[in-house]
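One structure is given here, and the rest of the page talks about it.
The numbers here are math on the coordinates, done by the rules we state, and not lab data. Because the structure is predicted, anything quoted here is derived from the model rather than measured. Because the Cβ atoms are built from the backbone with ideal geometry, glycine has one as well, and the counts that use them run over all protein chains shown.
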Amino acid sequence: MTFLSATLDRVKPSPTIAVTTKAAELKAAGRDVIGLGAGEPDFDTPQNIKDAGIAAIAAGKTKYTAVDGIQELKQAICDKFKRDNDLIYVPGQVTVGTGGKQVLYNAFMATLNPGDEVIIPAPYWVSYPDMVLLAGGTPVTVEATLDANFKITAAQLEAAITPQTKWFLFNSPSNPTGAGYRWDELKALTDVLLRHPHVWIMTDDMYEHLAYDDFEFCTPAQVEPRLYDRTLTVNGVSKAYAMTGWRIGYAAGPEMLIKAMRKVQSQSTSNPCSISQFAAVEALNGPQDFLAPNNRLFTGRRDLVVDMLNRAPGIVCPKPEGAFYVYPSIAGCIGKTSAAGTLIENDEVFATALLEETGVAVVFGAAFGLSPNFRVSYATSDAALEEACTRIISFCEGLE
Ligand SMILES: Cc1ncc(COP(=O)(O)O)c(C=O)c1O
């Protein structure tokens, strides 16, 4: 009898965290490393939000709270959904967890039985398939290729649905591609879902506020109100408010599902951090005026990275609508040999050679389910991005 659970054999540790760790190790050893692996904004949590956290501590709001969130935060979340997404929810339809990650996990734990399938467009956020596997379900991936701007079509979705499909997992703007579905593109998908009433929709709207140029964010239950009764809309404060460490995520959906998710949370972690919950109330209710300047900054960085990467021989980098990632293809580099003599067989070898030979840390595409690519997080300074892209260009120029 083995000591560790057999379930663990089905999942892998997060490769994005592995890259960040490897880069940190090289840095500690004195190497000049530029990390483009981390999935978090490089700016600080706004002061008003920090102050709300400090005030919560001073007021002694440091005890257990209701399992899935304080009433003030649930109300702020309802107000947010109405304001930003034209979605009407009451606090009983809202759950708050320790990050969007826990909320997604709770939803799978609360609903998946062996044999249940979850449709996941690839490339996907690394945790989706493994969460489904941990919860006993079966991930079914649908490829969103570079030619299709990393978006799946209605026909692809239709073809992936079986009688066992329980969820369609949707993420726009996307981690890792930054691709965002416009209203008509999303409507094509919701039209398919309308024809399959047994399929529920889990939408991960974490990058909602990180949308550039003329791209307007939209979410499934808003685009197709007839899907409201089978949609779980997940969001959080991590990305837009630079609150990754505070660990607050939330979701709204049918009360029956929310109750089941609460049950999972009540027997695992109980409430998310009380102080963070009060800070999140301020994030959602307070001024939102820092979002626009931040987005202008991100737009400039995106353009810089896209322009420079497209100058690297063998790399093709589309310009995405949102988030803070680009997902260039390295099809033109495969089969070549680096200056230090490494044969670039696949994107994992490319990323390792790039880190070892130039000190630039990116995450290889296989981790996200679509190769040969790599993900760049451009949530770092212009100077670092420029230097990193210069090194990537010279690395590619050195391939033979
Ligand atoms: C697409 C996506 N969803 C969810 C999360 C989880 O965010 P958090 O748990 O910090 O709320 C992330 C974080 O990287 C993400 O990229």
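In the chain, the calculated helix contribution to ellipticity at 222 nm averages -12000 deg cm²/dmol per residue, counting -39,500 (n - 2.57) for every DSSP H run with n ≥ 4. Taking other residues whose beta carbon is less than 13 angstrom from the beta carbon of Y325, and scoring Lys, Arg as +1 and Asp, Glu as -1, yields +3. Potential lengthening of the chain between S270 and K61 amounts to 73.7 nm, from the contour at 0.36 nm per residue minus the alpha-carbon distance. Structure note, pairs K82/K187; K151/K239; K187/K259; K101/K319: Cα-Cα distances above 25 angstrom occur for K187/K259; K101/K319.
Entry note: the stretch 63-285 has Rg to Rh equal to 0.94, where both radii use alpha-carbon atoms and Rh is the Kirkwood radius. Fully extending the segment from D213 to A154, taken as 0.36 nm per residue of separation minus the present Cα-Cα distance, adds 18.7 nm. With respect to the chain, whose longest principal axis is taken over its alpha-carbon atoms, helix 274-285 is tilted by about 80°.
Divided by 2.2 N^0.38 Å, where N counts the residues, the Cα radius of gyration of the chain comes to 0.98.
With the simple spin-label model, which puts each label point 7 Å out from Cα in the Cβ direction, the D303 to H198 separation comes to 5.0 nm. Projected onto planes of every orientation and averaged, the convex hull of the alpha-carbon atoms in the stretch 193-303 covers 8.9 nm². Counted by Cβ distance under 13 Å from C389, the other residues give a net charge of -2, where Lys and Arg count +1 and Asp and Glu count -1. The C-alpha atoms of the chain define a longest principal axis, and helix 99-111 lies at about 70 degrees to it.
Against the main long axis of the alpha-carbon atoms of the chain, helix 183-194 sits at an angle near 60°. Over all other residues within a Cβ to Cβ distance under 15 Å of V118, the charged ones net out to -1, with Lys and Arg as +1 and Asp and Glu as -1. Near the amide H of D116, within less than 5 Å, lie the amide hydrogens of T138, all on another chain or at least 5 residues away, with H placed in the peptide plane.
With the highest mean first, a sort of the peptides 207-219, 312-324 on other beta-carbon atoms found within 10 angstrom per residue produces 312-324, 207-219. In sequence order, the stretch 47-58 has phi-based couplings of 4, 4, 6, 4, 4, 5, x, 5, 4, 5, 5, 4 Hz under the Karplus curve 6.51 cos²θ - 1.76 cosθ + 1.60, θ = phi - 60°, and Gly or Pro positions carry x.
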